[in-house]
Amino acid sequence: MTDSNPVRELRLVVTAADYDAALHFYRDVLGLTERGAFSSPGGRVTILDAGRATLELTDPNHAAFIDEVEVGRRVAGPIRVAFEVDDSTAMTSKLAAAGAEVIAEPTRTPWNSLNSRLDAPGALQLTLFTELGEPAGEPDEG
């Protein structure tokens, strides 16, 4: 990011029908740090720090390719959240034990990361990825 970038933060806002379960899953199980919590009459919001944010844009053909590599078939909608973690195998197990549905166990990708796919609280599809090292001539993917 350069000083001329007018955007300071990417914030993904998720409306979760079961707020308490989603908060527990993302904060307490996945380990995102709470940056702030606020309430309104009858409502609550918690801001969780997910580290560095990027916006990954893909066309439908490449999205289908990623799904094929990670899952073996087309499963994602227009939004999929990818978290880089130290150990995607261990984190996949941890999140599954907390109620996420594993769509695909960790799989080595052509871009040399170990990626898993889960359905998680807040109606989000997650990719967990661990970078295994940069293969020559391949772009980084999440």
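Within region 78-137, being out of contact with any strand residue (DSSP E or B) (no Cβ under 7 Å at 6 or more places or on another chain), small (G, A, S) and in a loop (DSSP other than H, G, I, E, B) holds for A98, G99, G122, A123, G133, A136, G137. State all residues of region 49-77 that are touching a strand residue (DSSP E or B) at 6+ places or on another chain (Cβ under 8 Å) and part of a loop (DSSP other than H, G, I, E, B); if no residue qualifies, say none. Those that are touching a strand residue (DSSP E or B) at 6+ places or on another chain (Cβ under 8 Å) and part of a loop (DSSP other than H, G, I, E, B): A50, G51, E56, V71, G72, V75, A76, G77.
Every condition in (1) among the hydrophobic types (A, V, I, L, M, F, W, C); (2) crowded, with 16+ Cβ neighbours inside 10 Å; (3) over 14 Å from the mean Cα position of the chain (by Cα) holds for A50 except the one numbered (3). For region 100-112, the condition holds for at least one residue, the condition being that it is in contact (Cβ under 8 Å) with a residue 12 or more places away in the chain and within 14 Å of A22 (Cα to Cα). Kindly establish whether E84 is open to solvent by 60 Å² or more (accessible area, probe 1.4 Å), farther than 22 Å from Y19 by Cβ and under 13 Å from the mean Cα position of the chain (by Cα). The answer is yes for E84. One residue stands out in region 98-129 among those that are more than 12 Å from the chain's Cα centre (by Cα) and of a type in the set (S, T, Y): the one that is nearest to A63 (Cα to Cα), namely T109. Selection of region 2-40 for residues being part of a loop (DSSP other than H, G, I, E, B), open to solvent by 60 Å² or more (accessible area, probe 1.4 Å) and farther than 30 Å from T92 by Cβ yields T2, D3, S4, P6, V7, R8.
A single entry from L95, L55, L23 fulfils the requirement of being of a type outside the set (D, E, K, R), under 18 Å from L118 (Cα atoms) and within 13 Å of the chain's Cα centre (by Cα): L95. Would you mind stating whether L55 is exposed (fewer than 13 other Cβ atoms within 10 Å of the Cβ) and among the aliphatic types (A, V, I, L, M)? So L55 passes the test. Of all residues in region 109-134, those that are more than 15 Å from M91 (Cα to Cα) and aromatic (F, W, Y) total 1.
The values are calculated or read from the model by the stated rules, or taken from the named source; none is laboratory data. None of these values were measured; they are calculated from a predicted model. In this analysis, Cβ positions are derived from the backbone assuming ideal geometry, glycine residues included, and neighbour counts consider all displayed protein chains. The protein model used for the area step is the full one, side chains on, heavy atoms only, and it has no ligands, DNA or RNA in it. Shrake-Rupley method; radii C 1.70, N 1.55, O 1.52, S 1.80 Å.
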